[in-house]
Amino acid sequence: MPKENNTKDFHDDYSEEKTEFEKKFALFADMISHSRRMTVLTGAGVSTLSGIPDFRGAHGVYTDPWAGISVEEIISMTFFRKNPDIFYKWACDVWYRLDEYEPNIVHRAIAALEDAGKIQGVFTQNIDMLHQKAGSRHVWELHGSPEKHYCMKCGAEYSYAEIAPVVKRGETPHCRHCGGIVKPRIVFYEEALPSGVVSAADKAFRETDLCVVFGSSLSVYPVAYYPAMAKSNGARVVFVNAQNAYNYADGFFDLLFRDLRQTSEALLRVFGKDGTGPREGRLGK
């Protein structure tokens, strides 16, 4: 069963020199301690530490075609309506084994920040449900989730637990009421983001005083607008990711960290269950 990935199969070592890192992290910890409306945005880079490949990285699921078809085409609504059987063959080993993965240190650090009362919510581009598994309670899934499915003909709802065994048997799930094709509530290409989630995100990123981005290259819109929205309303913005943020100029971020694991370990040391804020001498191991 896949567990947290401790190898470098999906990520490189981007850790920063200790003295320089701790100097920056002290500033970050102070920002968190003084924030009243901290909001977190996470992307596919967070999931790589659990062994789930990202989308656009060197080992991303978009890198190579599947059965001669580009993955971006497979997860479009036009393709799904015409070829649901092909979609589910592809998705079987990509989206229907997500229950086998475990949260990693980034998920745990974010959940600890929520437990400590430091964040108002997590907005994630990921569909892997690992934030909830780690204990985060206020999670908005910007691109939906396979936790819920629906019949495209009659609208009947199904859970991941009901649909995953069908897909793993190599079958295309049909509605038991009307026989229609069942689709996961994941946002495909050509679909709009869930209106309720977008409204919540617009409000949160306009009102936040600290926006922290974990593991997203900010290359997909409208999600990529959110840090700029926060910044334009006076928030500080912190970026934690090995890849550069697309479409963001140098100097936009108040702080930049390159290593998700190094930063999350420090967050747990300072804001984990043994404490709720920075104290002298707590940054080092």
If you bin every alpha carbon distance in the chain into 10 Å steps from zero, what whole percent lands in each bin? 6, 28, 34, 21, 9, 2, 0
Summing -39500 (n - 2.57) over the DSSP H runs of n ≥ 4 in the chain and dividing by its residue number, what mean residue ellipticity at 222 nm do you reach, to the nearest 500 deg cm²/dmol? -10000 deg cm²/dmol
Where the only charges are on Cβ atoms (+1 Lys, Arg; -1 Asp, Glu), what is the dipole of the chain about its Cα centre, to the nearest 20 debye? 620 debye
Put +1 on the Cβ of every Lys and Arg and -1 on every Asp and Glu Cβ in the chain; which of Thr39, Ala201, Gly155 then has its Cα farthest towards the positive end of the dipole? Gly155
Expected vector for the range 89-96, Karplus 3J(HN,Hα) from phi with 6.51, -1.76, 1.60 and θ = phi - 60°, integer Hz, x for Gly and Pro, equals 5, 5, 5, 3, 9, 9, 10, 10
One finds, for Lys168 and Ala200 with R0 = 35 angstrom and r their Cβ-Cβ distance, a FRET efficiency to the nearest 0.05 of 0.60
On average over all directions, what projected area in square nanometres does the range 143-285 have, based on the convex hull of its Cα atoms? 12.6 nm²
Calculated Rg and Dmax of the range 105-188 using C-alpha coordinates, Å: 15.6, 47
According to a simple spin-label model (label point 7 Å from Cα along Cα-to-Cβ), what is the distance in nm between His34 and Lys89? 5.8 nm
About its Cα centre, the range 78-207 carries a charge dipole, from +1 on Lys and Arg Cβ atoms and -1 on Asp and Glu Cβ atoms, whose size in debye to the nearest 20 is 280 debye
To check you understand DSSP bridge types, tell me what percent of the beta bridges within the chain (both residues inside) are antiparallel, rounded to 5. 30 percent
Dividing the alpha-carbon Rg of the range 161-242 by 2.2 N^0.38 Å yields what? 1.56
Compute log10 of I(q)/I(0) for the range 31-178 with the Debye formula, placing one identical point scatterer on every Cα and leaving out solvent, at q = 0.12, 0.16, 0.20 Å⁻¹, to two decimals. -0.58, -0.95, -1.29
Size of charge dipole - the range 117-169 - debye, nearest 20, with Cβ of Lys, Arg +1 and Asp, Glu -1, no other charges: 80 debye
Quick calc, Thr19 & Lys153: beta-carbon distance into FRET formula, R0 51 Å, rounding 0.05, result 0.25
Between Tyr150 and residues 5 or more places away or on another chain, which pairs have amide H atoms under 5 Å apart, with H built 1.01 Å from N, and which residues are they? Tyr158, Lys183, Arg185
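A short reminder: the numbers here are calculations on the coordinates, not readings from a lab. All figures in this text were calculated on a predicted structure; none of them were measured in a lab. A quick note on method: Cβ atoms are made from the backbone with ideal geometry, for glycine too, and the neighbour counts reach across all protein chains shown.
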